[in-house]
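So the structure is just underneath, and the comments pick up after that.
Every number in this text was worked out from the coordinates using simple rules, so none of it is lab data. Model, not experiment: these values are computed from the prediction. As a convention, Cβ positions derive from the backbone with ideal geometry for all residues, glycine included, and neighbour counts pool all protein chains shown.
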Amino acid sequence: METFLIKAAQLMLAFAILVLVHEFGHYLFSRIFGVRVEKFYLFFNPWFTLFKYKPKKKEGADENKASWRDTEYGIGWLPLGGYCKIAGMIDESMDKEQMKQPVKSWEFRAKPAWQRLLIMVGGVLFNFILAIIIYAGMVYAWGEQYITFRDATEGMEFCESAHEIGFKDGDIPLAADGEELSYLSGDELMKMLGAKTVTVLRNGSDTIAINIPENYIFTANAEAEEGIPFMMYRYPVVVADVQPGMGAKKAGLQKLDKVIAVDSVATTAYTDFKKQLDRHAGTVVPVTVLRDGKPLTVNAEIDNSGKLGILLAPITEIYNTTTKEYSLWASIPRGISLGVEKLSSYVSQMKYVFTSDGVQQLGGFGAIGSIFPEKWNWESFWSVTAFLSVILAFMNILPIPALDGGHVLFLLYEIITRRQPSEKFMENAQIAGMAFLFLLLIYANGNDIYRFFFK
């Protein structure tokens, strides 16, 4: 129960921050362009409101000018988002009566299309800026942890095309064209792929020179776009915990056990381990572990889906890590690059959402909450919050009516064709978009409930 409350509290705090920043982006651009904002709410408030505040207007204030005093500020009770009700705009409030009135100078619809466009992208822009600020703050406060190639004592795993040109799983990269390689990053990877010769340490003692074919970088890039990385750290299977009622628990596996074989087949890395589990799904097999430096073999049941029931120790607890410190000024460009890297990575993985397996993996608030740590840790909290801010920015810019991206799409159409979509069309599009999002919300959270009770 305590774990649930900690995760729930982190989710609520992160969600509140993200919603406030997103809606403030819309609010700020509205204020810049003199558009009146009628309501600014954290969370939704159907039927009743937890808190609201409406500033008093100054005597003699110009009624034809927008002011921060025009806005009702409040907190709703339904934590599914928030909203910034902008005057003269067809949004989730579906205020049709206002749209029937003559156009006022301080309304959204009275402004040029480029100003309306900036108002609509304001939320997305602010979410992405927030992610950059968080990432910059994190590397400044805690530095950046990484595992050097030499500290990854089990070496690296390589893709099939890398095997074909001479790399072997377990190789430790040392240098590219004589230039020393440090740790797995985009820059170091490009050095390797663009080199003529890469030197690796093999079997702990042999230094091997591997010739990289000309234009191999294009092969590696094409595979990366398909989700096949050129290389990754070998991930030994070290037990962090065992799940009640499953094979590992029944067999007596313990925290810090290192799984070295399944059915007498060596499992140096997690990929080897997973292949063996899939191969022996629904059976009982001997599993060999290292416990206190000594091998121990037990018979363990693997369930029908190929699960043994263990939680893996983080790779940073398996290998020694190095921490890189950043000054305040150096943290800013690193924050930007991390934001761009996370966005690019997320966008590249979106294609898997539209597969049958991807649809089944969709999750709602339960899935989001599960990625927060079980114990309150500010570094982990801000890391997850920054990533969620990137996701929120991207998801909101998708060209779906009722999302910011839908409004942006119609505004771009207006700018290009110099024709504004009719209010009737905009109303119908808004209703269709809201219905789609509502069904998606039900499906995603339904998946969470199904997984909780049946898986």
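The residues packed around Glu72, meaning those with a beta-carbon under 11 Å from its beta-carbon, carry a net charge of +3 if Lys and Arg are +1 and Asp and Glu are -1. Relative to the Cα centre, the charge distribution of the range 194-314, modelled as +1 at Lys and Arg Cβ and -1 at Asp and Glu Cβ, gives a dipole magnitude of about 460 debye. For the chain, the 222 nm mean residue ellipticity estimated from helices alone, with every DSSP H stretch of n ≥ 4 adding -39500 (n - 2.57) and the total spread over all residues, rounds to -14500 deg cm²/dmol. Bridging of Lys196 to lysines at a Cα separation below 28 Å is possible for Lys168, once same-chain residues fewer than 8 apart are set aside.
Taken about its Cα centre, the chain carries a charge dipole of about 1740 debye when Lys and Arg each add +1 at the Cβ and Asp and Glu each add -1 at the Cβ. Each Lys or Arg adds one and each Asp or Glu takes one away; over the other residues whose Cβ falls under 14 Å from the Cβ of Lys196, this sums to -2.
For the chain, the residue among Tyr27, Ala240, Gly366 whose Cα projects farthest onto the positive side of the dipole built from Cβ charges is Tyr27.
Along the charge dipole of the chain, Cβ charges K/R +1 and D/E -1, which of Gly406, Thr316, Ser331 sits furthest on the positive end? Farthest towards the positive end: Gly406.
Averaging Cα coordinates gives a centre for the range 289-336 and one for the range 174-194; these two points are 23 Å apart. Find how many whole Å separate the alpha carbon centroid of the range 409-427 from the alpha carbon centroid of the range 117-147. With the range 117-147 and the range 409-427 each reduced to a Cα centre, they are spaced 32 Å.
Aspartates and glutamates near Lys424 by alpha-carbon distance under 20 Å, same-chain residues fewer than 8 away left out - which ones? Partners within reach: Asp91, Glu92, Asp95, Glu97, Glu107, Asp404, Glu414. Restriction of the trypsin sites (Lys or Arg not before Pro) in the range 237-296 to DSSP coil positions whose beta-carbon has at most 16 other beta-carbons within 10 angstrom yields Lys255. Pairs exceeding 19 Å between alpha-carbon atoms, taken from Lys255/Lys275; Lys7/Lys249; Lys275/Lys342; Lys85/Lys111; Lys255/Lys294: Lys255/Lys275; Lys7/Lys249; Lys275/Lys342. Charge dipole (Cα centre; +1 on Lys/Arg Cβ, -1 on Asp/Glu Cβ; no other charges) of the range 108-183 amounts to roughly 1220 debye.
Once you keep just the Cα pairs under 8 angstrom separated by 6 or more residues, what percentage relative contact order results for the chain?
17 percent
Which entry in [x] 33; [y] 51; [z] 46 is this structure's computed percent of Cα pairs over 33 Å apart? The calculated read-out lines up with [y]. For the chain, the longest principal axis of the C-alpha atoms and the axis of helix 423-454 are separated by about 30°.
Relative to the longest principal axis of the Cα atoms of the chain, the long axis of helix 378-396 lies at roughly 60 degrees. Expressed to the nearest 5 percent, the antiparallel share of DSSP beta bridges inside the chain is 90 percent. The angle separating the long axis of helix 270-279 from the principal Cα axis of greatest extent in the chain is about 80 degrees.
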